[in-house]
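Before any comments, here is the structure.
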Amino acid sequence: MPRSNDEAAEMLQEFADLLAISGGDPFKVRAYEKAASAVAGYPRDITNLDEKGLDAIPSVGTHLARKIADLLRTGSVEELDDLRARVPAGLRSLLDVPGLGPKRAHQVYSELGITSVAELLDALHEHRLQHLHGWGERSEENLAQAIRDAHLGGARIQLAIALGLAEEVLAVLSELPQVRRATYAGSLRRMCETVGDIDLLVASDESEPVMEAFCTVPLVSRVLVRGSTKSSILTTKGVQVDLRVVEPSAWGSALLYFTGSKAHNIHLRKMAVRAGEKLSEYGLFDAGSGRLIAAETEESVYAQLGLPWISPTIREDTGEVEAALSGKLPHLVQLGDIRGDLHTHTDLTDGVAKLEDMVGAAKARGYSYYAVTDHAPLLYMQRMTDEKALEQRHRIRELERSAGITLLHGTELNIQPDGSLDWDEDFLAGFDIVVASVHSAFRQSRDAMTARILRAVEHPAVNVIAHPTGRSIGRRAPIDADWDAIFRAAARTGTALEVNSSPDRLDLDGDLVRLARSAGVRLAVSTDAHAVPHLDNMRFGVATAQRGWAGPADVVNTWPLAKLRRFLDKHAQAHVRAG
DNA sequence: GCCGTTTTCGGCCCGACTGTTTTCAGTCG
């Protein structure tokens, strides 16, 4: 079951879609959409809020608060059920076709009776659309192509893959003499876990050669849009890449604009309007005289709006602007704050690199400490034994003498379906750090799963719960558990929760990081590296922690070694708290 | 449907591109 916030957001979004497609008031539609994203991004769990509490969420008024309350209480909303009964099932899916918005979806439904993508394809095949008002041969061809493309590309791509692709195109563009600056913007710069399409930005006085180069890079499969300031291509792998070319003097306002999020931009624009100004990708202007106020750097635009620069990772309009206004912007953890990795593997279990190579790479990164946490015996396929663990400990102690880096001997325990763990307390006491995680039986009931994880959190030897939700982005849904209860227990017992940096995990995600932090939970940002290159994934974990507003004080592996060691001794921690 | 230091009514971010128009509507981000 999804979080209540997500459930309510999905309800509101479906409402918006159905209203739009049945020809409803566009402003009402937008009100539902705004409320949907406000609820999804609301930093607190709405499960136990009453109508008054829901009404306090920005963009949620009395009417929508009542509908959300109905949903949370009864599991359904009467008005939505009525609307579903009036709009044919399948019609909503038409909105997923790029280029087909609510107006035209409504048009093909009301004039041709089309209620699904399949029927739309039939109509396209028979050329029945080109006779509708406002349509022609080209719009018919484009729609058919869009449906084929959606089939080809479809799903959003992972952050790391998008970043690689962006850097490949940027490398070509940066070579051009006309290009002054070039970077990626959009959800990629905000380090969202998945990216729908890639937004690139170039500063140049001469756009034509840049567009020419962009539309002919080797990985282009088709040019979707070709203009003087904006072009879009589809890559051979089905990923859409958009390029905007702007004057160098408007670099800052353009970067701000194209980084988004949309909600963040709208918030800034409204502030500008209130101050008698106008904000666009071309700059901040005086609304009356049209005089340019700021445009060259992001910092200058923020400053003229009365704000400090805001990190792209938190530009989601979930309170960052208000925080900036009141001087309470969080001091976010940075990659350079990280002093060590607390969850890594070697070829003793399922890693592919030798202990010495992993340690050497960690040292080269400038870490001051490094934990080796190979799997424990209950993950049977890894064939770990007591003897192997002790022998590894001996090797680590030897290696540490010459390595110039503090090595922590740890292990990653398997949390069994009943919450029991590998090894007994005496044996576990010999490790410097103990990580525990779920590797199987992901589909337990919410109650069973919560009890299972709580048992591990309460265990006196367990320091970190790794990849807590067990999700695999795009492949496996997160487990269902009572996160509030788990966060409270983790905070009380001094058990850290991991922000796993692997691009296909990013677990906890930004939203859960934020909830965990507000419950007082400490975080461990780790790579779970199984090979040397995986150590570089730390930047994705740090970005995810930033998206949850985490600062260095929240992240135990930014702490000096002595402080970390005190945290890793749960008995001593309990003693300090009792005292 | 939401919202308010000009407003409880009358607005609601703004600009680019495409394809259909002969001055604009629809879609997207």
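The values are calculated or read from the model by the stated rules, or taken from the named source; none is laboratory data. Not measured: the values here are computed from a predicted model. So basically every Cβ, Gly included, is an ideal-geometry build from the backbone, and we count neighbours across all protein chains shown. Just the protein is used for accessible areas: all its heavy atoms, side chains included, with ligands, DNA and RNA removed. Shrake-Rupley method; radii C 1.70, N 1.55, O 1.52, S 1.80 Å.
Quick notes on this structure:
- Distance between the C-alpha centres of the stretch A:343-389 and the stretch A:391-459: 13 Å, rounded to the whole angstrom.
- The stretch A:453-514: C-alpha gyration tensor shape, a/c 1.5 cut-off, then a/b vs b/c: prolate
- Size check on chain A: the Cα extents along the three principal axes, sorted descending, read 78, 61, 50 Å.
- Residue (of A:Thr558, A:Leu408, A:Ile479) at the positive-pole extreme of the stretch A:335-578, dipole from beta-carbon charges: A:Thr558
- Distant-in-sequence amide H partners of A:Thr344 (H built 1.01 Å from N, under 5 Å): A:Thr373
- Reciprocal mean inverse distance between Cα atoms of the stretch A:90-168 - Kirkwood radius, Å: 13.7 Å
- The DSSP beta bridges internal to chain A are antiparallel in roughly 45% of cases.
- Computed lengthening from A:Gln145 to A:His394, 0.36 nm per intervening residue step minus Cα-Cα distance: 83.4 nm
- Rounded percent of accessible protein surface that carbon and sulfur make up, the stretch A:250-325, 1.4 Å probe: 56 percent
- 3J(HN,Hα) along the stretch A:160-165: 5, 5, 4, 5, x, 5 Hz, from the Karplus curve 6.51 cos²θ - 1.76 cosθ + 1.60 with θ = phi - 60°, whole Hz, x for Gly and Pro.
- Cα gyration tensor category, rounded, prolate or oblate, for the stretch A:411-556 with a/c compared to 1.5: rounded
- Phi-derived couplings, Karplus 6.51 cos²θ - 1.76 cosθ + 1.60 at θ = phi - 60°, listed residue by residue for the stretch A:399-404: 4, 4, 4, 10, 7, x Hz, with x used for Gly and Pro.
- Cross-link partners of A:Lys34 among lysines (Cα-Cα below 23 Å; sequence separation of 8 or more within a chain): A:Lys52, A:Lys67, A:Lys103, A:Lys262, A:Lys270, A:Lys278
- Here is the size of the stretch A:1-91 from its Cα atoms: Rg then Dmax, 12.5, 35 Å.
- The mean sequence distance of close C-alpha pairs (under 8 Å, at least 6 residues apart), as a share of the length of the stretch A:157-246, puts its relative contact order at 27 percent.
- Zero-based 5 Å bins, Cα pair distances in the stretch A:250-325, whole percents: 4, 18, 31, 30, 13, 4, 1
- Its relative contact order, with pairs defined as Cα atoms under 8 Å and 6+ residues apart, puts chain A at 9 percent.
- Solvent exposure of A:Lys230, expressed as accessible area, is near 70 Å², computed with a probe of 1.4 Å over the protein chains only.
- Note on the stretch A:184-230 and the stretch A:488-542: Cα centroid distance 32 Å, given to the nearest whole angstrom.
- Farthest positive-ward along chain A dipole, Cα basis, beta-carbon charges - from A:Leu332, A:Val179, A:His131: A:Leu332
- J(HN,Hα) series, the stretch A:221-229, from Karplus relation 6.51 cos²θ - 1.76 cosθ + 1.60, nearest Hz, glycine and proline x: 9, 7, 8, 8, 9, 9, x, 7, 10
- The alpha-carbon of A:Lys388 sits under 26 angstrom from the alpha-carbons of these lysines, leaving out residues fewer than 8 places away in its chain: A:Lys354, A:Lys363, A:Lys570.
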